[in-house]
Amino acid sequence: MTTDNGTTGKPAARGVTAGDGTPPSPSPSPDTLTAATAAAGTGTGPAATGPRALAWRRRRDSAARFWRQYRTHRAGVFGLAALLLFALLALAAPLLVGSDVDNVTDAPGSPMESPSTEFPFGTDQFGRNLLGLVVWGARVSLLVGLLAAVLSVAIGTLIGVTAGHFRGWYATVMMRVTDWFLVMPTLVLAIALATVMSRSLVTIVVAIGVTTWPTTARLVRAQTLAVETRPYIERARALGGGHWHVMSRHVLPNVMPLVLAQTTLIISAAILAEATLAFLGLGDPTVVSWGGLLQDAREAGAVSAGRWWYLVPPGIAIAVVALAFTLCGRAVESVLNPRLGVSR
């Protein structure tokens, strides 16, 4: 029997097709399928080359490269080590000093005792252990500084990105508002807000956050204007990308390194602002913070009485944490933008 193409009706020989004579693709054996599945599960097979896997790999490589460059800055490493130490102390404060360290009625010592083996930092005007108060105060001071810095950077980033993207009358209005906040004394505005609002940690966070964002807005807007001139932004718009797509997928990722560096610098300013407001008596009197300890020392007359141990520990803690955040911020700036030429 002969088929239409002239070949016989016999079955094709094994390994040769009936049409063009090329060998067929061999069926994968069970062992081959098992090996391929195992390779995909371990991240070495074809599945590991997908878009999501490649994105995560780039992020890991970028983080490793950032850390290799960051650890070459000795000052930045010192600042990071100091911050980790204070963070561990703040987290472990309930275990180290107990939650009743601020109890006035059951104070373990006498008022204003000088440093001793029992009380390494002495006692305050109520007989409370100052070492425990300083450790417990780290929780409030660091928390307020972080939250206020996040709020400030969030407001500044939002205004900076939108003003740099939309331009026109919106950018003009936003930049004039930013200029008004820049020329006004930040501390005076924070004091005014803390005075008219209730005395609480939320008030301190809001007072600091809404008065320290203009610098971030200016920097982010300048970076946004530079990013908007790049060719891939024009291509994204030509392909139908809207305002939200351009800002969230193209502009924001490119300004995030600047935002990260700015955040580390603002945290130190926020901690100093919190200490200043608490020292002026505008903080929450029911919580223990470093600024609150300085305010208690002032009210107790520690300065005129020469009770230096009441002032030095919280003051040094504020200075060390602010310096550590500043060193970390400068190191991050130098790594993310080497053209700044920040010294190590």
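Do the conditions hold for GLY283, that is, is it in a helix (DSSP H, G or I), surrounded by 14 or more Cβ atoms within 10 Å (Cβ to Cβ) and in contact (Cβ under 8 Å) with a residue 12 or more places away in the chain? Against the criterion (in a helix (DSSP H, G or I), surrounded by 14 or more Cβ atoms within 10 Å (Cβ to Cβ) and in contact (Cβ under 8 Å) with a residue 12 or more places away in the chain), GLY283 does not qualify. Residues in segment 320-329: is at least one surrounded by fewer than 17 Cβ atoms within 10 Å (Cβ to Cβ) and at pLDDT 85 or above? Yes, some residue in segment 320-329 is surrounded by fewer than 17 Cβ atoms within 10 Å (Cβ to Cβ) and at pLDDT 85 or above.
State all residues of segment 148-161 that are closer than 17 Å to VAL210 by Cβ and surrounded by 20 or more Cβ atoms within 10 Å (Cβ to Cβ); if no residue qualifies, say none. The answer is ALA148, ALA149, SER152, VAL153, GLY156, THR157, ILE159, GLY160. Residues that are part of a helix (DSSP H, G or I) and not aliphatic (A, V, I, L, M) were ranked within segment 171-196; the one that is nearest to PRO285 (Cα to Cα) is THR195. Residue selection: ALA278 satisfies the criterion of being of a type outside the set (D, E, K, R) and either touching a residue at least 24 places away in the same chain (Cβ under 8 Å) or in contact with a helix residue (DSSP H, G or I) (Cβ under 9 Å, 6 or more places away or on another chain) (or both).
Residue count for segment 228-264 satisfying the condition of being free of Cβ contacts under 8 Å to residues at least 60 places away in the same chain and either surrounded by 15 or more Cβ atoms within 10 Å (Cβ to Cβ) or on the phi < 0 side of the Ramachandran plot (or both): 21. When residues in segment 93-109 are screened for being open to solvent by less than 40 Å² (accessible area, probe 1.4 Å) and more than 31 Å from the chain's Cα centre (by Cα), 2 of them pass. Number of residues in segment 297-336 that are of a type in the set (Lys, Arg), part of a helix (DSSP H, G or I) and touching a residue at least 40 places away in the same chain (Cβ under 8 Å) equals 1. Looking at GLY164, GLY160, GLY156, just one residue is assigned to a helix (DSSP H, G or I), of a type in the set (Gly, Ala, Ser) and over 22 Å from the mean Cα position of the chain (by Cα), and that residue is GLY164. Scanning segment 110-144 for residues that are open to solvent by 20 Å² or more (accessible area, probe 1.4 Å), in a helix (DSSP H, G or I) and touching a Pro at 6+ places or on another chain (Cβ under 6 Å) yields one hit, LEU131.
Do we have THR215 as within 20 Å of THR263 (Cβ to Cβ) and either open to solvent by 50 Å² or more (accessible area, probe 1.4 Å) or basic (Lys, Arg) (or both) here? So THR215 fits the description; yes. Scan ALA261, ALA300, ALA270, ALA275 and give me the residue that is within 23 Å of PRO111 (Cα to Cα) and of a type in the set (A, V, I, L, M, F, W, C). Unique residue meeting the criteria: ALA300.
So is ALA107 part of a helix (DSSP H, G or I) and either at pLDDT below 80 or of a type in the set (A, V, I, L, M) (or both) or not?
Criteria not met by ALA107.
Only residues that are part of a loop (DSSP other than H, G, I, E, B) and within 17 Å of ALA273 (Cα to Cα) were counted in segment 208-236, giving 4.
The sole residue among GLY164, GLY168 that is in contact with a Leu (Cβ under 8 Å, 6 or more places away or on another chain) and either farther than 29 Å from ASP284 by Cα or buried (at least 17 other Cβ atoms within 10 Å of the Cβ) (or both) is GLY164.
The values are calculated or read from the model by the stated rules, or taken from the named source; none is laboratory data. Please read these numbers as outputs of a predicted model, since none were measured by experiment. No Cβ is skipped: glycine too gets one built from the backbone with ideal geometry, and neighbour counts run over all protein chains shown. Note: accessible area is taken over every heavy atom of the protein model, side chains too, but ligands, DNA and RNA are not part of it. Shrake-Rupley method; radii C 1.70, N 1.55, O 1.52, S 1.80 Å.
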